[in-house]
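Below: one structure, written as structure tokens.
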Amino acid sequence: MHTWIVIAAYNEEKSIANVLKDLSAKGWKSVVVVDDGSRDKTSEMAKKHTKHVVRHLINRGQGAALKTGIQYALNEGADIIVTFDADGQHRSEDIPALIAPVQKGEVDVALGSRFLSSGSNVPFIRKVALKGGVLITRILYGLKLTDTHNGFRAFSRKAAEKIDITMDRMEHASEILAEIKAKKLSYKEVPVTIRYTEYSLQHGQSTWNSIVILYRTILQRLAK
Amino acid sequence: MMEPVQIAVVIAAALLLLNICALWSRKKMSARAVFFWFLIWAVIIVAVFYPAIIGFLMMPLGSGKVIDVFTYFALAFLLFICFRLSLKANRADHEVTRLTRELALKK
């Protein structure tokens, strides 16, 4: 089965090369980087390590970039699509375990969970915000998950074709869960380790942003 | 003899409607939108010249003062405009994303 890794990157010139080198070293050759209108040399750095680099002329947000990457992978004939962060938070070692249930046909979507693994050193405030997201997701969508805003996921081709990401920014994480529920896709959480480094914390979502995302998620749900 | 407020409203309406006509002739505004704005300004002009009519029409609403009724309608109108603008902005945002994606995938 042909697995594609989709990476949405925005101003990640410092980390993207290492992420791609690591993936390549582990044998993941089908990797597409979507440079989401970066103002730095993300595209140039990425092109040194993969021939699959597409660039948004202007910044449209992570949700939009992932959708572009997923479309690219589907066009290339992907059977499984993994979404992977550009800031080095995700570990390539976790990919085989993440895609295993999709490969075996057990589920349509595998969702990474940092709370099922003991290796993630989640900062306290972040943990509170993430657990708030878990609670809201349970109330709004009825999905019982332990980690709802983890960008490390694996989709079968069928799931990737069915899930329609319309939210351009960070709300796409909640939208994907809503789509899983609405399209009646089977899913499973898989333990993954998230590496919190000074760099990834600077580049990732701030706690305030998490609250804004939560607020928008509720609005989005109420508007439907 | 026209009062200063009536003169001001007529001038404002004339300028705005001229602008709207110019946009329409350049096909930058739909006939429906032109009709909508003409209607709005027609109501405003009637209200300014014949406030008694508006006061009479609004009596069932329970407000005796024309200015109160104007305030309610102005607020409702502004909310409606905000709503329409947010819908349009949202639609335009999605179109920009779609275009950006098409361009990215074409290269």
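The values are calculated or read from the model by the stated rules, or taken from the named source; none is laboratory data. From a predicted model like this one, the values you see are computed outputs, not experimental measurements. Cβ placement follows ideal geometry from the backbone for every residue including glycine, while neighbour counts extend to all protein chains displayed. For the accessible areas, the whole protein counts, side chains as well, though only heavy atoms, and no ligand, DNA or RNA atoms are used. Shrake-Rupley method; radii C 1.70, N 1.55, O 1.52, S 1.80 Å.
Computed quantities for the displayed model
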| item | result |
| --- | --- |
| Chain A, relative contact order in percent, only Cα pairs under 8 angstrom and at least six apart counted | 23 percent |
| Signed unit charges on C-beta, dipole axis of chain A, positive-most listed residue A:211, A:136, A:148 | A:136 |
| Relative contact order of chain B, defined on C-alpha pairs under 8 angstrom at six or more residues apart (%) | 17 percent |
| Chain A: antiparallel DSSP beta bridges as a percent of all, rounded to 5 | 30 percent |
| Value of relative contact order over the stretch A:30-122, rounded to a whole percent, pairs C-alpha under 8 Å and six or more apart | 20 percent |
| Positive-end residue of A:37, A:70, A:4, charge dipole of the stretch A:1-99 with Cβ unit charges | A:37 |
| 1.4 Å probe, heavy atoms, protein only - residues of the stretch A:28-66 losing at least 50 Å² accessible area vs chain alone | A:57, A:60 |
| Inter-label distance for residue B:12 and residue A:196, nm, one decimal - labels placed 7 Å from Cα along Cα-to-Cβ | 5.4 nm |
| Relative packing of A:120-133, B:73-86, A:22-35, which averages over residues the other C-beta atoms within 10 Å, highest first | A:22-35, A:120-133, B:73-86 |
| At least 40 Å² of accessible area lost relative to the chain alone, listed for the stretch B:87-101 with a 1.4 Å probe | B:94, B:97, B:100, B:101 |
| Base-10 log of normalised Debye intensity for the stretch A:75-155 (one unit scatterer per alpha-carbon) at q = 0.14 Å⁻¹ | -0.53 |
| Gyration tensor (Cα) of chain B, equivalent ellipsoid semi-axes in angstrom | 38, 19, 10 |
| Kirkwood Rh (inverse of mean 1/r, distinct Cα pairs), chain A, angstrom | 17.3 Å |
| Average accessible surface area per residue within chain A, 1.4 Å rolling probe, Å² | 45 Å² |
| Distance between the stretch A:26-104 and the stretch A:105-129 - C-alpha centres, whole angstrom | 20 Å |
